[in-house]
Amino acid sequence: MIMQKKEIIQTLTLIFRGTFGQPTLDLRDDLTANDVENWDSLTHMLLITNIENQFGFKFKLKDLNKMKQVGDMITLIESKLDIHPL
Amino acid sequence: MNHLNQLATKILAFISLIILLDFTAGYLFRYLETKALNNNPQGMIAEFTMCRAEGDIMIFGASEAHGGLIPSLMKNKLGISVFNCSNDAKPFYYQYCMINTVIERKKPKVIIWSIYSCDLNTPTKRDMNSLSVLNPFYDTNDYCKKVINKKSKYENLKMVSNLYRYNSRILNLISNIFSKTETDRGYVALSNSGYKYPTLKSGSEDCGIDSEIVDSFIEIIKKCKATDVELILIIIPKFENINNSENFGYKNLIEICGKYDVPLIKEFYNSPIFLNDSTLFRDNDHLNDKGARLFTALLCDKIKQIRETKCIH
Amino acid sequence: MTFTSLNFLFFFTIVVVLFNLIPQRVRVWFLLFASYFFYIDLMPVFAILLALVTGCTYLFTRIIANSKSAIGKHRVLVLGIIVIISPLIFFKFFSFVNLVITTLLFRCGLHVSLPTSSYILPVGISFYTFMAIGYLIDVYNEDVESESNIGIVALFLAFFPIILSGPIERAGNLIPQFRKLQQTTYSDLVAGAKMVLWGYFLKLCIADRLGLYVDLIFNNIHTYNGTTLLFASVLFPFQLYADLGGYSLIAIGVARCLGIIVVPNFKRPFFATSMSEFWRRWHMSLIKWLTNYIYTPLSFGLRRWKMSGIVTALILTFIISGIWHGAELTFFVWGLLQGIYLSIEVVTLKKRSEFKQKFCLNKNPWYILISCVWVFILFSFSQIFGRCGSIGDAFYVIGKILNVLGKIEWLKLMPSSLGLFSLTLLLIKDFLDEYYPNRFLLFENKNIIIRHLSYAFILILILTMGVFDSGQFIYFQF
């Protein structure tokens, strides 16, 4: 099954809302931890675990530093799922 | 270049502002100081000793003397006026300034100086910091200038600022304008309220000596001789059984007193009269009121004895 | 020379002036020289250690950067970390380990006296070691490029404003700035000078003043009643904030006067509404370091345990931080407490969030106030362990606070009461910055007269109320 970027964002939005307890949160590419309540280094790891479980792949420690914004995160997930943006 | 000019002007303006404010602050502080001294001389011991204190006998020392020698009792026993100029936690150099200044201002007949063997040791940083009460006298009193300059090589630079001279003093000045300390000509009774009677400590002490301090010490002794002021050194009892047999500072103190023929009353220190009775003390280092009464009485007898012997010879 | 000595002011002025006069290509070397001069003035012998750590850091980062194989890189990284951290561990734990061994042998009936170390902790060793390790890991993770100019690496580790007490900087921020050292601009100079002035105010008028009282009470815990101890325990976090915060601000300001921007270390910590927010505002550079290099790898490794993995990583991280503060049980408990506080918060995060949303508490001033006070209470409680000499003392103090009431020793507070006045000023300023930013400006006011008068006012306060010629900076010993 190949996931579209749209689908990734949809799934990711649900994960974000669930992890941070923010039922109305919407994702943007330039969203960072500063903009989201409850998103800090403690909950970040929960987010990572939830993403891993949902999408079924593993991050590397090095990957963590590359995800400063939601946009980076989406790009990384895309590359992990091995699809290339059109 | 325009930028640089602007910067220079701003800096210059700021510096002038600071100088102006500092100058004004100096006036204000001196005004407060006079007012505090008028209202509560006993809260301004250093200034009072420097400028006003009078007595045929004048007592110098730190807290042990402040709460250990009772002027009214001494006057009854000796028949001459006494003032206790002691100031808490003040080191050798403070006493050095006070004694020199008092001799020059209003020569007393007798000076009683409470001293311990460790007073001749090199002053600690804390000792030197406690000299800051002398800062206001930096320009007017050569002794104060001399000891303040020992603090560091930058003191004359720091003293340019009036604000620095009165650093940390503001509350002290204000509180002395509005409150009054009652004392018996400088004596403050120490009570045991809130304190238990101490338990006897014992041990041995060994203090070094500092050559500059010894020189200053001898300078005072010579000055007293030259101006015909009778100098009596005393060691006030502590509630400690101290072995001084290896104490270099103690030996030196005795040696200097012997050499210059200065009476050193040390028999009440380490004496069973005091060591056997903890109710005479507030804590290990200080006599309480009861202890002060006993000690003052004993001291007066001793002083009489010394003065009579001197008379005969 | 420390920041609060007159010598430092002379040194600093000369460095800033010369820095701007000399040609750009020698500026790195000039700052390096100035930094070593500064360090040697404090700790002559240990400058060699600093130079050695610098040499190792340079060597290992170069090898990692030029190595082709992933396993090779990893091995060099591990080796590098061990080499760089060993002096810190040696100096920090020597007497502790010594004590443990002697006690163990004693228990076995052997009376052995081991050679004792009379070394004091080399000043700043924690800070440059942390920075060196951070740099090494960043190079390994390819977050920064390894620097080929050893002068720049040496300056990064020895940079005199931050070597004594941080902020703990990252190579990614400082090294690029060192590569192109420009003449200081007017705005940098002014901004730096303002920070330095405010930093001195915090350090001299608040920290050292309050310290007089706090030290007196905590050094004589058996003499004073519970109420007085409670009062001192409340003052201590403020003292610590003004002490480390003031010192950091002087450091940041001094660097700014050279045109270098250093990360902030404190952000109005006492207005945090939760412990996790507090730790994002208190000693930020250290927390950032711990997060990046200890917490993240730990929690990443333990992420399969989900919440319990995070809690374990969190508690371990803070225990390590506690032990870094001092190899004693008190600091262990201090770290453990922080770990527990944060764990409880992260576990209850969603519940609290729902609760807040349900009652619209996010902007409610009373809720904010109560949260701030609560956070303060939690933190001051943990700091009793940070302040007391032994775990027994800490429990004694807590017991006394709970049981032995009485009058506060106001008389002894007299020398510190000027500190309370200055503290009030600081809290008002923090309050305005927090809730009404850009509304009431003094240092940044558009009107030049107000601006200059406020500088003068602070300068006058420093001169009248500062504690001069006095004690050491609390964080030097770490």
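Accessible area of region B:1-141 with a 1.4 Å probe: how many percent of it is carbon plus sulfur?
About 60 percent, which is the carbon plus sulfur part of the accessible surface.
If you look for lysine pairs in region A:5-80 that are eight or more places apart or on different chains, how many of them have Cα atoms under 16 Å apart?
For region A:5-80, qualifying lysine pairs total 8.
In degrees from 0 to 90, rounded to the nearest 10, what is the angle of the helix B:92-105 Cα long axis to the longest principal axis of chain B?
90
Just to be sure I understand the rule: take each whole DSSP H helix in chain C, project its Cα atoms onto its long axis, keep it if the span is 24 Å or more and its mean Kyte-Doolittle hydropathy is at least -0.5. Which ones pass?
C:46-66, C:70-107, C:226-257, C:307-325, C:329-347, C:365-387, C:410-435, C:448-465
For region C:134-201, what is Rg from Cα atoms divided by 2.2 N^0.38 Å, rounded to two decimals?
1.29
Using Cα pairs under 8 angstrom and six or more residues apart, how large is the relative contact order of region C:12-179, in percent?
Relative contact order comes out at 32 percent.
Seen from all sides and averaged, what is the projected area of the convex hull of the Cα atoms in chain C, in nm²?
26.8
Using the alpha-carbon centroid of each, what span in Å lies between region B:179-240 and region C:268-315?
57
Based on the inverse mean of 1/r over its pairs of different Cα atoms, what is the Kirkwood hydrodynamic radius of region C:270-403, in Å?
Evaluated on region C:270-403, it is 16.0 Å.
Can you tell me, using C-alpha contacts under 8 Å and at least 6 residues apart, the relative contact order of chain C as a whole percent?
18 percent.
Where Rh denotes the Kirkwood radius from the mean inverse Cα pair distance, what is Rg over Rh for chain B?
Taking Rg over the Kirkwood Rh, I get 1.04.
How do the peptides C:66-77, C:183-194, A:19-30 rank, highest first, by the average count of neighbouring beta carbon atoms within 10 Å per residue?
Peptide ranking by packing, descending: C:183-194, A:19-30, C:66-77.
Could you give the angle, 0 to 90 degrees to the nearest 10, between helix B:248-259's Cα long axis and the longest principal axis of the Cα atoms of chain B?
In chain B, helix B:248-259 runs at an angle near 80 degrees to the longest axis.
For residue B:281, list long-range residues whose amide hydrogen, built 1.01 Å from N in the peptide plane, is under 5 Å from its own amide hydrogen.
B:288
What does the highest-first list of C:23-29, C:348-354 look like by mean Cβ count within 10 Å?
Answer by packing, highest mean first, reads C:348-354, C:23-29.
Over chain A, what is the mean sequence separation of C-alpha contacts under 8 Å (at least six apart), divided by residue count, expressed as relative contact order in percent?
Relative contact order comes out at 36 percent.
Over the Cα atoms of region C:170-282, how large are the radius of gyration and the largest Cα-Cα distance (Dmax), in Å?
That works out to 17.8, 58 Å for Rg and Dmax.
For region B:123-279, what Kirkwood radius comes out of the mean inverse Cα-Cα distance, in Å?
19.5
May I ask for the Kirkwood hydrodynamic radius of region A:5-80, worked out over all distinct Cα pairs and given in angstroms to one decimal?
12.4
For peptide A:54-61, what's the mean number of Cβ atoms from other chains within 10 Å of each residue's Cβ?
Taking the mean over all residues of the peptide, I get 1.
Summing both sides, how much accessible area is buried between C and A? Use a 1.4 Å probe and give Å² to the nearest 100.
2100
Given points 7 Å out from each Cα along the Cα-Cβ axis, report the residue C:441 to residue C:150 separation in nanometres with one decimal.
Placing both labels 7 Å beyond Cα along the Cβ direction yields 4.7 nm.
Once region B:1-90 is represented by equal point scatterers at the alpha-carbon sites, with solvent omitted, what log10 I(q)/I(0) does the Debye formula produce at q = 0.17, 0.24, 0.26 Å⁻¹?
-0.81, -1.13, -1.20
What list of ³J(HN,Hα) couplings, whole Hz, do you get for region B:51-68 from phi and the Karplus terms 6.51, -1.76, 1.60, once you set θ to phi - 60° and write x for glycine and proline?
Using θ = phi - 60°, the values come out as 10, 10, 4, 9, x, 5, 10, 10, 9, 10, x, 9, 4, 4, 8, 4, x, x Hz.
In terms of modelled amide H atoms, which long-range or inter-chain residues lie less than 5 Å from the amide H of residue B:207?
Result for residue B:207 returns B:248, B:249, B:250.
Could you state the number of Å between the C-alpha centres of region A:48-79 and region C:22-90?
33
In whole angstrom, note down how far apart the Cα centers of region C:322-370 and region B:290-312 are.
68
If you count, for every residue in B:159-168, the Cβ atoms of partner chains within 10 Å of its Cβ, what is the mean?
4
Using a 1.4 Å probe, what is the accessible area per residue for region B:119-213, in Å²?
Accessible area per residue, region B:119-213: 56 Å².
Beyond 26 Å between alpha-carbons counts as too far, so tell me which of B:180/B:290; B:35/B:75; B:35/B:106; B:223/B:302; B:90/B:290 fall in that bin.
B:35/B:75
Using only protein heavy atoms and a 1.4 angstrom probe, determine the accessible area buried between C and B, summed over both sides, in Å² to the nearest 100.
2100
Chymotrypsin sites (Phe, Trp or Tyr not before Pro) within region B:129-208: which are DSSP loop residues with at most 15 other Cβ atoms inside 10 Å?
B:154, B:195
Could you give the Stokes-Einstein D for the protein assembly as shown in µm² per second, using the C-alpha Kirkwood radius, 25 °C, 0.890 mPa s?
78
In bins 10 Å wide, starting from 0, what share of all Cα pairs of region B:39-171 does each bin hold, as a percent?
So the P(r) values, bin by bin, are 12, 42, 34, 11, 2.
At 1.4 Å probe size, with the rest of the protein present, what percent of the exposed accessible area of region C:270-403 is carbon and sulfur atoms?
The nonpolar share, carbon plus sulfur, comes to 70 percent.
Using a 10 Å cut-off around each Cβ of peptide C:183-192, what is the average number of partner chain Cβ atoms that fall inside?
1
In chain A, which helices (entire DSSP H runs) extend 27 Å or more along their own long axis, judged by Cα positions, while averaging at least 0.0 on the Kyte-Doolittle scale?
Membrane-span-like by this rule: not one helix.
Can you order the peptides C:329-338, C:433-442, C:145-154, C:231-240 by their average number of other Cβ atoms within 10 Å per residue, highest first?
Highest to lowest by the protection proxy: C:231-240, C:329-338, C:145-154, C:433-442.
For the Cα atoms of chain B, what angle does the longest principal axis make with the long axis of helix B:211-227, in degrees from 0 to 90, nearest 10?
It works out to around 70 degrees.
The values are calculated or read from the model by the stated rules, or taken from the named source; none is laboratory data. Every value quoted in this text rests on a predicted model; they were computed, and no experiment measured them. Cβ atoms come from the backbone with ideal geometry, glycine included; neighbour counts cover every protein chain shown. Heavy atoms of the whole protein, side chains included, go into the accessibility calculation; ligands, DNA and RNA do not. Shrake-Rupley method; radii C 1.70, N 1.55, O 1.52, S 1.80 Å.
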